[in-house]
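One structure is given here, and the rest of the page talks about it.
What follows draws every value from the coordinates through simple rules; no lab data is involved. None of these values were measured; they are calculated from a predicted model. When we count neighbours, we look across all protein chains shown, and the Cβ atoms used for this are built from the backbone with ideal geometry, even at glycine.
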Amino acid sequence: MADDLNYGYKGADVPQSFGNNKGVFDPSDINNLVKDDKWTNYGQLELIETKVITGDPSSVSLDDLGTGYNVHFITFTNMHTDDNRDQNLRVKVGGVTQTSSSYGRAFRVSNSAGGYDDKDATLDRLRILAEVGNATGECWTGSLYMYNALDSSKYTFFTTNNVFISFHPYFSSSFGSGSYNVSNVLSGLEFYPSSSVQRSGTISLYGIKEYS
Amino acid sequence: MATNLEFINSFEVTGTVQSLDCDNIFSDKYDVYYLTVALKESSAGNDQWIRMRLIDNTGTVITASEYDYAQLAMPANTGFYDTNRATGQNVILYGGIGYSDDTGNGGSLYVYNPNDSSSYTFLQAQAGSTVGNVLFGTKGISVHKSAETIRGINFHTTTFWGSGTVNVYGVK
């Protein structure tokens, strides 16, 4: 039995918020609460897009970062390039890939030969990892957090964790950070190898939902 | 049944502050918590580490010398170093959650077993921030070496934050 209140039955208009919904609600009430971002619905890792790489593209783009997210989470599964390639990332602003030397990276690789550090403070791309192999079974998989991508007042930062088999071949892991040193609202991301094409793999982009 | 991350609370910097209490966030509902940390200094050039302390079950920030930590610092323009480590400290100075600068920062923090009165509380963080416009990556671990119930976490700095948000999620 709906009434003239925005949420719930007649009587006192109880304040509603995520995690604090009180009353009995009909579907119309719930629709209003969802619209106003006040309905408790757990599961704050929200899938925005999954892209399965086929057809050997030179790059793969994610052109929808959703709205309202301060932190995004990206997974990479069974990513294949040609032999001894780096996996790179560039951001997009207004749909345009940004190629200025505004990217920083710093990550550590651990492998069966000891590992190494990989860093650059001013490059025209963000290298996520390097030296990926492509013999049978060789690929990379991992995850990446992206911070402040939709905030015009802050730089965009990244943290990554990956495992891969290098071209040597060494079983390897890497972790580290990255930055895009421009305060801007991003519209998307572009992934591409250091040369040749992206052979295969799956990239999923999630937004981490928050409530004020 | 809900899965993955479950939002618990959001804490926002209002005004110009040196400290942000995230209280009443840990409970018996989860064993593991995920926090996103984005704090921005109020003016340029201060570049201070984000410090952490835990809050006990009475709401008191723990200042006893019960923290150990270790951090790998990864500046993008010079060699990495792992000398940011210590035992028996009264604050987690180098916990891996990074610097705050006026360009903002971005970090992820996992907290393990805070509500378990029979276990230490363990933390793991990874972040990106800038110092002098150069990327400064960090990855760190820390522990509160007292088996007690923890209900919150305090972030603080020796300079000032002008904006920023900490969001807290339970890992289901």
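Mind giving me the FRET efficiency for B:T87 and A:V14? R0 is 45 Å, r the Cβ-Cβ distance, nearest 0.05 is fine. Step by step, r from the Cβ atoms, then E = 0.35.
In this rough spin-label picture, where each label sits 7 Å from Cα along the Cβ direction, the B:A147-B:K29 distance is 2.7 nm. In a reduced charge model with +1 at each Lys and Arg Cβ and -1 at each Asp and Glu Cβ, the protein assembly as shown shows a dipole moment near 500 debye about its Cα centre.
Calculation over all alpha carbon pairs of region B:64-114 in 5 angstrom steps from 0 returns a P(r) of 5, 17, 20, 27, 19, 9, 4, 0 percent. Summary value for chain A: 31 percent relative contact order, contacts being C-alpha pairs under 8 angstrom separated by 6+ residues. Close amide H pairs (under 5 Å, H built 1.01 Å from N) link B:V131 with B:F136, residues at least 5 positions away or on another chain. With N counted as the residues of chain B, its alpha-carbon radius of gyration over 2.2 N^0.38 Å works out to 0.98. Exceeding 22 Å between C-alpha atoms, which entries from my cross-link table qualify? They are A:K209/B:K40; A:K209/B:K29; A:K154/A:K209; A:K35/A:K154; B:K40/B:K139. Cα-Cα > 22 Å for A:K35/A:K154; rest within. The relative contact order of chain B, computed from alpha carbon pairs under 8 Å that lie at least 6 residues apart in sequence, is 40 percent. GNM, chain B, Cα, under 10 Å: largest mean-square fluctuation among B:T58, B:T130, B:T14? In the Gaussian network model the winner is B:T58. Other residues lying with their Cβ under 12 Å from the Cβ of B:G132 contribute a combined charge of -3, Lys and Arg counting +1, Asp and Glu -1.
Between B:G162, B:G106, B:G98, the GNM of chain B built on Cα springs shorter than 10 angstrom shows B:G162 fluctuating the most. For a paramagnetic label modelled on B:S10 (point 7 Å from Cα along Cα→Cβ), amide N atoms under 19 Å away belong, within region A:38-75, to A:38-48, A:65-73.
Its Cα gyration tensor gives region A:64-212 an equivalent ellipsoid, and the semi-axes of that ellipsoid, as √(5λ) in whole Å with the largest first, are 26, 15, 14.
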